[in-house]
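Heads up, the thing below is written out as structure tokens.
The values are calculated or read from the model by the stated rules, or taken from the named source; none is laboratory data. All values derive from a computational prediction rather than experimental measurement. We place every Cβ from the backbone using ideal geometry, glycine too, and count neighbours over all the protein chains shown. Surface areas here come from the heavy atoms of the whole protein model, side chains and all, with no ligands, DNA or RNA. Shrake-Rupley method; radii C 1.70, N 1.55, O 1.52, S 1.80 Å.
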Amino acid sequence: MTIGRMENVEVFTSEGKGRGLKATKEFWAADVIFAERAYSAVVFDSLVNFVCHTCFKRQEKLHRCGQCKFAHYCDRTCQKDAWLNHKNECSAIKRYGKVPNENIRLAARIMWRVEREGTGLTEGCLVAVDDLQNHVEHFGEEEQKELRVDVDTFLQYWPPQSQQFSMQYISHIFGVISCNGFTLSDQRGLQAVGVGIFPNLGLVNHDCWPNCTVIFNNGKIELRALGKISEGEELTVSYIDFLNVSEERKRQLKKQYYFDCTCEHCQKKLKDDLFLGVKDDPKPSQEVVKEMIQLSKDTLEKIDKARSEGLYHEVVKLCRECLQKQEPVFADTNLYTLRMLSTVSEVLSYLQAFEEASHYARRMVDGYMKLYHPNNAQLGMAVMRAGLTNWHAGNIEVGHGMICKAYAILLVTHGPSHPITKDLEAMRMQTEMELRMFRQNEFMYHKMREAALNNQPMQVMAEPSNEPAPALFHKKQ
């Protein structure tokens, strides 16, 4: 379950946070501190027919379990590897007559494993599932109601011949899933496809400006260092995206994870001035700023509606108009400007209007660079997309520069063996070759590029979705 390296960390009591993990030796950027396989994991309800239930890779053609007709696998190998975890599930689905939701499926898989192995520590585990935080006592009325529904459904689904657990224990497991569920992404790290429980990862505390990141790669999670970590230093990851003012991040963390964030960035409100940045010369009045924030919020709501209806030209129109109005008021690091820039560059790229998209993508990256940690995975992905957009627009020098920058970040956050890093390396070599050609003979370069693009279908950007990038931790909103 755990793939070595657990001697690199030890459990300790972190001041004001309860348990935490600290480093037992020094680490540097890109070091893998530990890797861990899921204790239990399931594919999201919406993707059960498109993602392998063993390795979580998206595949065109999947083999279906002949008995329950529910589980899907890449091939016989994945099916064989899954049987230990799928055996009970297979007969339970047949007996129940339908497939319960992902929460219930995951709770059942955890309890079948507890039934097989007992409740103590499993090999390579620093903490037992029984000892993970559940926060059930902090659940609000709505969450309590959902929990009762889940427990009732679970009891109908759970086979009578399996070990019977107390209501309190079943509630504990649902609480653990709610607080510790980790999002699993597909092989390229671009889409959230499932949720799993990783007990050791559950011990790593949050910091808005963390020293580690977590990536799901080839069936396991890796905890990777973002920079130098000293021996004895606490290891932290960020449970949420940093791109928000400290008050909003604190509100989100309290609502989703039931703790008050006391990290340095929240206490000192670091970067809040940039997130709320306004123009200096001339400085707009507070009244004008207030009106512009309201206009931006209203526009974002209209954009969400237009996106959900697939009205992409309408989205572009709304963004252009809003950016024009924001121009004399907001700085380029302002959250509302960045949200507009991110949306409009993504949608224009999808519509293959690369020239205009590249201009917005550059402004977005400039803003992000002033806000994110230099080795932030989301920054790396944004710079990669902006680099691709600029390459498509024929801005070879800017495109190549951004692709190199993104590659350097992803080597730290994802590592050289991750499929997205490999893709990026191939792009980097391609753009480097094109850049050399461009510098030797610009006219010939454009001619050859035109011919190449006419002969092959343009690599189209994925259709913009309303869903945010995969969050680190899976949490019902």
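May I ask you to verify whether Lys228 is surrounded by 17 or more Cβ atoms within 10 Å (Cβ to Cβ) and over 30 Å from Asp130 (Cβ atoms)?
No, not satisfied.
Here is a list: His72, His86. Which entry is modelled with pLDDT of 90 or more, open to solvent by less than 10 Å² (accessible area, probe 1.4 Å) and either closer than 26 Å to Asp186 by Cβ or under 27 Å from the mean Cα position of the chain (by Cα) (or both)?
The conditions single out His86.
Which residue, of Phe182, Phe259, is open to solvent by less than 20 Å² (accessible area, probe 1.4 Å) and either touching a residue at least 40 places away in the same chain (Cβ under 8 Å) or over 16 Å from the mean Cα position of the chain (by Cα) (or both)?
Of Phe182, Phe259, the one residue that is open to solvent by less than 20 Å² (accessible area, probe 1.4 Å) and either touching a residue at least 40 places away in the same chain (Cβ under 8 Å) or over 16 Å from the mean Cα position of the chain (by Cα) (or both) is Phe182.
Would you say Leu388 is part of a helix (DSSP H, G or I), open to solvent by 10 Å² or more (accessible area, probe 1.4 Å) and either touching a residue at least 40 places away in the same chain (Cβ under 8 Å) or under 28 Å from Phe216 (Cβ atoms) (or both)?
yes
Given the condition under 17 Å from Lys220 (Cβ atoms) and touching a residue at least 40 places away in the same chain (Cβ under 8 Å), answer yes or no: does some residue in region 85-102 qualify?
yes
Mind checking which residues of region 241-256 are over 23 Å from Gly415 (Cβ atoms) and open to solvent by 20 Å² or more (accessible area, probe 1.4 Å)?
The answer is Leu243, Asn244, Val245, Glu247, Glu248, Lys250, Arg251, Gln252, Lys254, Lys255.
If you go through region 51-69, how many residues are within 26 Å of the chain's Cα centre (by Cα) and either more than 13 Å from Gly194 (Cβ to Cβ) or of a type outside the set (Val, Ile, Thr) (or both)?
Of the residues in region 51-69, 10 are within 26 Å of the chain's Cα centre (by Cα) and either more than 13 Å from Gly194 (Cβ to Cβ) or of a type outside the set (Val, Ile, Thr) (or both).
It is to be established whether one or more residues within region 200-218 are open to solvent by 20 Å² or more (accessible area, probe 1.4 Å) and more than 25 Å from Cys263 (Cβ to Cβ).
yes
What tally of residues in region 90-129 results from selecting those that are open to solvent by 50 Å² or more (accessible area, probe 1.4 Å) and not small (Gly, Ala, Ser)?
Residues in region 90-129 being open to solvent by 50 Å² or more (accessible area, probe 1.4 Å) and not small (Gly, Ala, Ser): 12 in total.
Cβ-Cβ below 9 Å, separation at least six or inter-chain, first residue in region 403-426 and free of Cβ contacts under 8 Å to residues at least 12 places away in the same chain, second basic (Lys, Arg): which pairs?
Pro416/Lys422
Across region 346-379, which residue is farthest from Leu311 (Cα to Cα) among those that are in a helix (DSSP H, G or I), open to solvent by 10 Å² or more (accessible area, probe 1.4 Å) and of a type in the set (Ser, Thr, Tyr)?
Tyr368
For region 304-313, check the following and say yes or no: at least one residue is closer than 23 Å to Phe242 by Cβ, in contact with a helix residue (DSSP H, G or I) (Cβ under 8 Å, 6 or more places away or on another chain), open to solvent by less than 40 Å² (accessible area, probe 1.4 Å) and in contact (Cβ under 8 Å) with a residue 12 or more places away in the chain.
Within region 304-313, not a single residue is closer than 23 Å to Phe242 by Cβ, in contact with a helix residue (DSSP H, G or I) (Cβ under 8 Å, 6 or more places away or on another chain), open to solvent by less than 40 Å² (accessible area, probe 1.4 Å) and in contact (Cβ under 8 Å) with a residue 12 or more places away in the chain.
With the checklist (1) surrounded by fewer than 19 Cβ atoms within 10 Å (Cβ to Cβ); (2) within 21 Å of the chain's Cα centre (by Cα); (3) part of a helix (DSSP H, G or I) in hand, flag the one item Glu425 doesn't pass.
The number of the failed condition is (2).
I'm trying to understand the selection: among the residues of region 262-279, which are under 30 Å from Val176 (Cα atoms) and either free of Cβ contacts under 8 Å to residues at least 40 places away in the same chain or open to solvent by 60 Å² or more (accessible area, probe 1.4 Å) (or both)?
Result: Thr262, Glu264, Gln267.
Which condition number does Ala382 fail, the rest of (1) of a type outside the set (Phe, Trp, Tyr); (2) within 19 Å of the chain's Cα centre (by Cα); (3) surrounded by fewer than 24 Cβ atoms within 10 Å (Cβ to Cβ) being met?
Of everything listed in (1) of a type outside the set (Phe, Trp, Tyr); (2) within 19 Å of the chain's Cα centre (by Cα); (3) surrounded by fewer than 24 Cβ atoms within 10 Å (Cβ to Cβ), Ala382 misses just condition (3).
For residues that are closer than 23 Å to Tyr96 by Cβ and either surrounded by 17 or more Cβ atoms within 10 Å (Cβ to Cβ) or touching a strand residue (DSSP E or B) at 6+ places or on another chain (Cβ under 6 Å) (or both), tally how many sit in region 53-67.
Looking only at that region, the number is 6.
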